[in-house]
1. Give the average over all directions of the projected area of the C-alpha convex hull of the range 151-207, one decimal, in nm².
2. Arrange the following residues from fewest to most other Cβ atoms within 10 Å of their Cβ: 34, 23.
3. Pairs 104/267; 122/146; 68/104; 3/46: which exceed 24 Å Cα-Cα?
4. Evaluate 2.2 N^0.38 Å with N set to the residue count of the range 7-87, then give the Cα radius of gyration divided by it.
5. Taking each pair of different alpha-carbon atoms in the range 227-268 once, compute 1/r for the pair, average those values, and report the inverse of that mean as the Kirkwood hydrodynamic radius in Å to one decimal.
6. Treat the count of other C-beta atoms within 10 Å as a stand-in for reagent exposure and order 172, 101, 61 from fewest to most.
7. Which whole-number percentage describes the relative contact order of the range 117-183, with Cα contacts under 8 Å and a sequence gap of 6 or more?
8. Can you work out the FRET efficiency for the pair residue 163 and residue 116, with r the C-beta to C-beta distance and R0 = 22 Å, to the nearest 0.05?
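Every number here is computed from the coordinates shown, using simple stated rules; none is lab data. Note that the structure is predicted; figures quoted are calculated from it, not measured. Quick reminder, even Gly has a Cβ in these numbers, built from the backbone with ideal geometry, and neighbours come from all protein chains shown.
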Amino acid sequence: MNKELYLVVVCGGISTEREVSLRSGRAIYEALERHGFSNLQLFELKKDNLSELIALHPDLVYLALHGKGGEDGCVQGALELSGIPYTGPGVDTSAICMNKVFAKHMLSAIGIPTPRYLALRKDECADKPALCKKLLDTFGLPVVLKSPCQGSSIGVVIARKAEELPLAIDEVFRYGNELLAEEFIDGTETTLPIIGNDELTLLPEIEITSERDFYDFTAKYTQGLCHHIIPARISDKDRKKMREIGRMTYQKLGCRGISRIDFIIDKVRGPLVIEINTCPGMTEMSLVPDAGRAAGIPFDELVAKIAAYGFEAE
């Protein structure tokens, strides 16, 4: 890959994950600089400056955006229309994977194992006592409630008691007009980063543990509150199945460049896909860099590989 090409690393954005994106962008920019790229720019995307990014017309946009407005196909669509190559999956895959309801529908349709779920709109939830009863009858306790279009576990609540449900529902609807309810799985939380376009490299699977109630935003981005265990402490059978399912998910949903498939390992059913992250974090505490190092791929090299996949995907 020609290291004199003009690369723009885009971070920031308008989502609740803006600060994490800024950290990812800085880390990626510095990695590319260390790797020898000489024509670089770090671009902070804001609400009103997308046209400025398009006007730069770089040879490649390296996307370090997380969450709504950046990971959901919006920016990808603008870049497509402008003929500017970019890293990561395309518009359709980004949109589907960012919306947890769409992703669950897709996973179910193609036979990928995933926890049981129920998707509801806010206008279907006016009778809160009836909704609480429906959730209890469907899933029992605990039950996981999620805002479908947030990332980094923002808008995720685990209700462990019936009296917690009304407030949990209100918390989810703070972030939008949809609610995704999932059965709670008491299992091992793992993730599988994958890089590549046609030829894929499956990085080592990671087991995630948290010092908090679950792997929430605070645990993810506070030193000492989460632990990444490589290799994951799971059976060989589950490891093999997880990698088979991860590869199938990546290919069937049209991922390219990089994506991270998150799992929960059920004691009976084995690996279940929770969600797909198409623009995963690249901060000092992120999972993908840890998996890369465990595979013998230094961070700078990993970042350069992802950039090269962006050119291949043209």
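1. If you wrap the Cα atoms of the range 151-207 in a convex hull and average its projections, you get 6.0 nm².
2. 34, 23
3. Over 24 Å Cα-Cα: 3/46.
4. Scaled against compact globular proteins, the figure is 1.00.
5. Answer for the range 227-268: a Kirkwood hydrodynamic radius of 11.6 Å.
6. Ascending Cβ contact count within 10 Å gives the list 101, 172, 61.
7. With pairs under 8 Å counted, the relative contact order is 46 percent.
8. Computed FRET efficiency for residue 163 and residue 116: 0.45.
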